[in-house]
Amino acid sequence: WPLAAPAAGAVVDPDHSCARFGCGPGYFPQRACQCNELCLQHSNCCYDFGHKCHRQAAAPTAQAAPAAPPPPAPPAGAGATTPPPPPRRVRYAAKADSVLHVDLYRAMASSAVDTHPLEDDDMADLGGAIKYLHTEILTEHLGDPLRTTRKYSIDVLTRHRLKIKNTQKLVESKAQQAMGEFGPFVTYDWGQATNPAQMPLFQEYGDFVGVQMGCSNLHCDVRWPSEMPYSWFSVGNWCPNLPWDKKGVKGSPNAACVRGPGGGVVQGGLCPGGFDASSFIPAVEPSGNPGCVYSYGKANVVWLDALVGITGQDCNGQTCKNWLHFRHNCTDPKLKRKFLPSGQIVGTDYCVEFDIHPACDNCETPDCQALLRSGQEAYLGLPWWSGRCDRRANVRRLEEAAAALGIAGALSTHTV
């Protein structure tokens, strides 16, 4: 995985840095972060490792790690269709002359899949997408009991193959080297970059795909621990200073749109014809020039209702058809319960997909840890979502989602 720079607003501690420790072999458990090339495998590099040590890390040595084994062959009888090749793992050492193949994911409404270009959007790897669902969308005691859909009408998980080649100027920039072949992550809301402090980045670099790691030293969101790091990605940057309804169109942009290094309006990086509506793997190869740093193919889609077991529930003598049918008609009394803010369990007249004891909104608190040790109920709803504070259970969910999306070996190789 690439190593992300400190998030906006983060405090950089020079006492825990490669500038102080120096670069080289050896593991020092007393240090909060490491400066050896194996830190990339263990996700425990210091924040300035890429800037201070990237040349040493990229250089081949006699003790280089062995090459990863080839992916497993598809099972016999799987059909005549050749599955798409797996995405290349993102290299840390930046190489501006190569194209990355990366699978990115979104939890979204099925009605919006592939209806609008993937521009000025935030996406995630699969762990990030599952974590987003589990922590931001489903928790019953935080939601409106009268709602008729999941939050934001989310009903599918999508997988897109992107080809990415950021500009040489960005990849070779010393200020961005800690991110490998990516730029900084940009948070978008309604197509607009929400952090004004990032506007100089667009003016200097123009188009780029950005990344931000969700875990530091495998310490992840306190609501969703995991044994695998997860990341968020940003794509786009077309007139990023304005929302969708103010941008104009690319042929006639709003005069207030931010301008890039060449003086023209920042175009966003999606190559002309860069969306391939007929193939998962896009045909267009990004050039790495302004206006063409990524392309993507049509989505693979999995319905959440099928993935999490809603369509396997009984709804008055028939299988539940969808979330709303399940909500009002499921017959399992164990699913008709939720937590109050006090932690008390109360009955409901509707079925609950997932809820978690309020004490475990932060899995690391003493109250949550005591509750989990006590054997009392900490989770309510469908079994698929149970165990949000269990890092291994979260990885299991990730692997099951990967298998549903057609990723070969997702349930056996543990490498998704």
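Only one of (1) under 30 Å from A306 (Cβ atoms); (2) over 19 Å from the mean Cα position of the chain (by Cα) fails for T167. Which number is that?
Status for T167: all satisfied but (1).
Taking P75 as meeting all but one of (1) modelled with pLDDT of 70 or more; (2) over 29 Å from E136 (Cα atoms); (3) open to solvent by 70 Å² or more (accessible area, probe 1.4 Å), write down the number of the exception.
That leaves (1) as the condition not met.
Hey, any hits in segment 308-331 for a residue that's surrounded by 17 or more Cβ atoms within 10 Å (Cβ to Cβ) and acidic (D, E)?
So far as segment 308-331 goes, no, none of its residues is surrounded by 17 or more Cβ atoms within 10 Å (Cβ to Cβ) and acidic (D, E).
Would you point out which residue out of E204, E227 is closer than 30 Å to V416 by Cβ and open to solvent by 60 Å² or more (accessible area, probe 1.4 Å)? Show your work before the answer.
On the way: E204 fails: closer than 30 Å to V416 by Cβ.
Residue meeting the stated conditions: E227.
Give segment 366-384 a look and list any residue that's within 25 Å of the chain's Cα centre (by Cα) and surrounded by fewer than 21 Cβ atoms within 10 Å (Cβ to Cβ), or say none.
Here is the first cut: in segment 366-384, the residues within 25 Å of the chain's Cα centre (by Cα) are 379, 381-384.
Within segment 366-384, Y379, P383, W384 qualify.
Residue by residue, here is whether (1) open to solvent by 10 Å² or more (accessible area, probe 1.4 Å); (2) under 30 Å from L324 (Cβ atoms); (3) touching a Ser or Thr at 6+ places or on another chain (Cβ under 8 Å) holds:
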| residue | (1), (2), (3) |
| --- | --- |
| I154 | no, yes, no |
| A175 | yes, no, no |
| C215 | yes, no, yes |
| L218 | yes, no, yes |
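Which strands (runs of 3 or more DSSP E) sit wholly inside segment 331-416 and have at least 1 residues that are on the phi > 0 side of the Ramachandran plot and in contact with an Asp or Glu (Cβ under 6 Å, 6 or more places away or on another chain)?
Where strands (runs of 3 or more DSSP E) fall fully within segment 331-416 and carry at least 1 residues being on the phi > 0 side of the Ramachandran plot and in contact with an Asp or Glu (Cβ under 6 Å, 6 or more places away or on another chain), they are 379-381.
Against the conditions (1) crowded, with 19+ Cβ neighbours inside 10 Å; (2) assigned to a loop (DSSP other than H, G, I, E, B), where does A255 fall short? Just the number, please.
For A255, the failing item is (1).
Which of the residues spanning segment 298-330 are among the acidic types (D, E) and not in a helix (DSSP H, G or I)?
Step one: list which residues in segment 298-330 are among the acidic types (D, E), which gives 305, 314.
Scanning segment 298-330 gives a single hit, D314.
Kindly indicate whether G269 is buried (at least 16 other Cβ atoms within 10 Å of the Cβ) and within 28 Å of the chain's Cα centre (by Cα).
Working: buried (at least 16 other Cβ atoms within 10 Å of the Cβ): yes; within 28 Å of the chain's Cα centre (by Cα): yes.
Yes: the conditions hold for G269.
Out of T167, T148, T158, which single residue is crowded, with 21+ Cβ neighbours inside 10 Å, in contact (Cβ under 8 Å) with a residue 60 or more places away in the chain, in contact with a Lys or Arg (Cβ under 9 Å, 6 or more places away or on another chain) and of a type in the set (S, T, N, Q)?
Numbers: T167 fails: in contact with a Lys or Arg (Cβ under 9 Å, 6 or more places away or on another chain); T148 fails: crowded, with 21+ Cβ neighbours inside 10 Å.
Step by step, each of T167, T148, T158 is checked, and only T158 is crowded, with 21+ Cβ neighbours inside 10 Å, in contact (Cβ under 8 Å) with a residue 60 or more places away in the chain, in contact with a Lys or Arg (Cβ under 9 Å, 6 or more places away or on another chain) and of a type in the set (S, T, N, Q).
Quick one: E285 ticks every box in (1) in contact (Cβ under 8 Å) with a residue 40 or more places away in the chain; (2) not in a loop (DSSP other than H, G, I, E, B) bar one, so which box is it?
Single failed check for E285: (2).
Would you point out the residue of segment 97-134, among those that are in contact with a helix residue (DSSP H, G or I) (Cβ under 9 Å, 6 or more places away or on another chain) and of a type in the set (S, T, N, Q), that is nearest to R391 (Cα to Cα)?
Here the residue is S110.
Could we say that W190 is within 28 Å of Y152 (Cα to Cα), of a type in the set (F, W, Y) and touching a helix residue (DSSP H, G or I) at 6+ places or on another chain (Cβ under 7 Å) here? Give the steps one after another, and end with the answer.
Working: within 28 Å of Y152 (Cα to Cα): yes; of a type in the set (F, W, Y): yes; touching a helix residue (DSSP H, G or I) at 6+ places or on another chain (Cβ under 7 Å): yes.
Yes, satisfied.
The values are calculated or read from the model by the stated rules, or taken from the named source; none is laboratory data. Please read these numbers as outputs of a predicted model, since none were measured by experiment. Cβ sites come from the backbone with ideal geometry, for glycine too, and all protein chains shown count toward neighbours. Side chains are part of the model used for accessible areas, which takes the heavy atoms of the whole protein and leaves out ligands, DNA and RNA. Shrake-Rupley method; radii C 1.70, N 1.55, O 1.52, S 1.80 Å.
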